[in-house]
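Single-structure report; data block below.
The values are calculated or read from the model by the stated rules, or taken from the named source; none is laboratory data. In this text the structure is predicted, and so the values were computed from the model without any measurement. Cβ placement follows ideal geometry from the backbone for every residue including glycine, while neighbour counts extend to all protein chains displayed. Protein only, heavy atoms only, side chains kept; ligands, DNA and RNA dropped before computing areas. Shrake-Rupley method; radii C 1.70, N 1.55, O 1.52, S 1.80 Å.
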Amino acid sequence: MFTGIIEYLGKVKQVSLQANSAVIAVDIGPLQDGVIPGDSIAINGACLTVTQIKGPEVRFDVSGETLSKTTIGKLTVSDHVNAERSLKIGDKLGGHFVTGHVDCVGIINKIENETGQCTVWFSVSNEISNMMIKKGSVAIDGISLTIVDLKEKLFSVALIPFTLDATTLGFKKVGQKVNIETDMLGKWVKRILTTNDNTTSGVTEEMLKAKGFM
């Protein structure tokens, strides 16, 4: 479990693509202190398991599933990546609950630079946008952000200069791809409202409206 508060802007040192898997090495700087093999670290929002450690560099074995559902397989040497270690009991929760299980790969649709902030629009499928709400949370490349506006297959977030400086979003351009994880609450609500089996315990859209939840 993560919070979406990026701890370090790491750099890819090695990428070894195999038939249905990959091995990547990332320089995570001071974050390597205390890290041991088996620990979970979110790299651009994808939860990966540490397999080897050599100084500030950590290695991850990446499964075919992760390669097919995220941008991890497109990383190249010297790329910057967002790194966050998993939560420990008692840690501050500065963002929102992020699982590190990427829902989809989105595309940067438009970047609007303004004084003091930058608004970025992302293209996603209807299936993904239907799990979002205005002012709700979303993780983009592992960064906890708030949805500003929401349209069919599009949503936007506002980025302050600090976020642009401290994360990979400061390097991104229109047309580039990012990992997107929607808020887990939205997934559960959608599952409850759309399932056709007998496990919903009578929870319906009408019942949620009657109780004031919608």
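Once the C-beta distance of residue 126 and residue 105 is scaled by a Förster radius of 25 Å, the resulting FRET efficiency is 0.95 to the nearest 0.05. Just the protein heavy atoms count here, and of the accessible area of the chain at 1.4 Å, carbon and sulfur take up 52 percent. To the nearest 10, the accessible area of residue 59 is 80 Å² with a 1.4 Å probe.
Using a cut-off of 10 Å between beta-carbons, work out the net charge of the residues near residue 11 (Lys and Arg +1, Asp and Glu -1, residue 11 not included). Around residue 11, the charge tally is -2. Amide H contacts under 5 Å for residue 43: 48, restricted to partners 5 or more places along the chain or on a different chain, H placed in the peptide plane at 1.01 Å from N.
Here the label points at residue 135 and residue 114, each 7 Å from Cα along the C-beta direction, are separated by 1.7 nm in the simple model. Taking label positions 7 Å along the Cα-Cβ direction at both residue 192 and residue 20, the computed distance is 3.7 nm, reported to one decimal. For the chain, a crude dipole built from +1 on the beta carbon of Lys and Arg and -1 on the beta carbon of Asp and Glu, taken about the Cα centre, is about 220 debye to the nearest 20. With N as its number of residues, the range 46-129 has a Cα radius of gyration that, divided by 2.2 N^0.38 Å, comes to 1.35. Short-range pairs are left out: with C-alpha atoms under 8 Å and at least six residues apart, the relative contact order of the chain is 22 percent. The convex hull around the C-alpha trace of the chain, projected and averaged over every direction, spans 14.0 square nanometres. Residue 127 exposes around 120 Å² of accessible area when a 1.4 Å probe is run over every protein chain in place.
With each run of n ≥ 4 DSSP H residues scored as -39500 (n - 2.57), what mean residue ellipticity at 222 nm is computed for the chain after dividing by its residue count and rounding to the nearest 500 deg cm²/dmol? Write out the running numbers ahead of the final one.
Working: 5 runs with 33 residues, N = 214.
Here the helix-only value at 222 nm equals -3500 deg cm²/dmol.
Taking the Cβ of residue 52 as the centre, find all other residues whose Cβ is under 11 Å away and add up their charges (Lys, Arg: +1; Asp, Glu: -1). The partial results should precede the final answer.
On the way: positive: 54, 59; negative: 57, 61.
Net of charged neighbours comes to 0.
Of the cross-linked pairs 11/74; 74/134; 110/209; 134/177; 110/135, those separated by over 25 Å at the C-alpha level are 74/134; 110/209. Quick check: Cα centre of the range 1-63 to Cα centre of the range 143-170, how many Å? So the two Cα centres are separated by 23 Å. At full extension, residue 63 and residue 209 could sit 48.4 nm farther apart than now, given 0.36 nm per residue minus the alpha carbon distance. In the full protein context, the range 56-202 carries 55 Å² of accessible surface per residue, based on a 1.4 Å probe and ignoring ligands, DNA and RNA.
Kindly sort 51, 99, 76, 167 by accessible area of their heavy atoms, largest first, with the probe set to 1.4 Å. Each step should come with its number before you reach the end.
Values: 51 50, 99 30, 76 70, 167 5 Å².
The most accessible residue leads, giving 76, 51, 99, 167.
Once the other residues with Cβ under 15 Å from the Cβ of residue 28 are scored (Lys, Arg +1; Asp, Glu -1), what is the net sum? Spelling it out: positives minus negatives among the neighbours equals -2.
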